[in-house]
Structure formats: C-alpha cells, structure tokens
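Note sheet for the following structure.
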Amino acid sequence: DDRDSCPARVERISPAVAEDLGACGVNLMFCRTSGALERAHALGFRVMRYVHEGKPPGRNVYDTSALYEPEWLAKLDALLEKVKDHPALYAYNVYDEPGAKEFPALGKIVAYVRQRDPKHMIYINLFPTYVSAAALGTSGDKVTAYREYLRQFIEDVQPDLTRYDNYQLKYTLSFLHL
C-alpha cells in the first residue's frame, strides 16, 4: 500500500472527505485507474490521470525507457482512447521530479500523448528550487543550476505549464484514511 507516499487521489477518499474538500474549493485530484474517473465525476472533481493503469513502475509515473516498448505503447494507446473524452479528465500525469537527463524522453512522450489527445494538458512535476545541481542534472550555484534546469525542460519537453512542489512544512496524509 502506497497511501503515505503519493499525492491525494480520488480512489482513496470517502464521500464525506470529498464533500469537505469540495467545500474548501478543491476540484482537482490525481487518479490511477479508469474506474476512478467515474467516481471523480460523480463527486464533482476533475482529475490528472496517470499514464498507466494501477501502481506505477517503480517510484515514478512513467519509465522513460517505456517509450521504446511496443507493449507499453499499446497499453498507453488503449488508455488514451478510453479516457480522452471523459468529462472528469483534466490532464495526464506523466512524471514526478525528473532530472535533466530525462527531458529528451519526456519530450517524446509529451509529443506522443499530444498527438493522440491534443485537448488535454500533460503534467510533469519538477524538482523544487532547493534541490542540488547534481539531482537536477545541471551545474553551477543554486540559481544558475535551476535556471539551466528550467531552460532545458522548456526546450526539450515544451510543457503546457511548469510547476514544482515546495516542501517547507512537514505534513501527513492521515486525513486520507478517514
């Protein structure tokens, strides 16, 4: 069970928690299963759908080597065809905190998904600004390294948006277990 290690997903919340979240203005969540799209729609949420069904391969949402595996691409094609017209779909969640070395492959998967569904955004969560240059895959002081990281991301991936998590406070996802 990965409840404590990943973002809030519609599959995990009770109707009461969904109602409370909606009352606070929350209207967007992650989801990993196609069945969760219906649940999200019924609860009044839109979702960022992972580009795989079920638990991801390893820590990340998308393994960059999968782009060269016909079986994985066939599954992705089927998934995109199945969900691209669903009213709850807001975006596709592709990768969490890539280093710059992953950007060329991520650019290819973004282009691949856009070709099959140009109506929905592709979401990639970047490393935060305080991560080391080594983790980013760039060099220089913090500012120089992060600027280069963003430059490479924008050039190689051509994203719909840029964003990152800023973990300044300790938190728990215990509310998801209600």
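Structural remarks
- Test: residue in the stretch 121-136 that is more than 25 Å from residue 51 (Cα to Cα) and among the polar types (S, T, N, Q): yes
- Listed by position, the helices (runs of 4 or more DSSP H) inside the stretch 87-164 whose residues that are open to solvent by 70 Å² or more (accessible area, probe 1.4 Å) and not small (Gly, Ala, Ser) number at least 3 are 103-116, 142-157.
- Screening the candidates 133, 100, 88, 145 for the property of being among the small types (Gly, Ala, Ser) and within 16 Å of the chain's Cα centre (by Cα) yields one hit, 88.
The values are calculated or read from the model by the stated rules, or taken from the named source; none is laboratory data. This one's a predicted model, so the numbers in the text were calculated from it and none came from an experiment. Note: areas computed on protein heavy atoms with side chains; ligands, DNA, RNA excluded. Shrake-Rupley method; radii C 1.70, N 1.55, O 1.52, S 1.80 Å.
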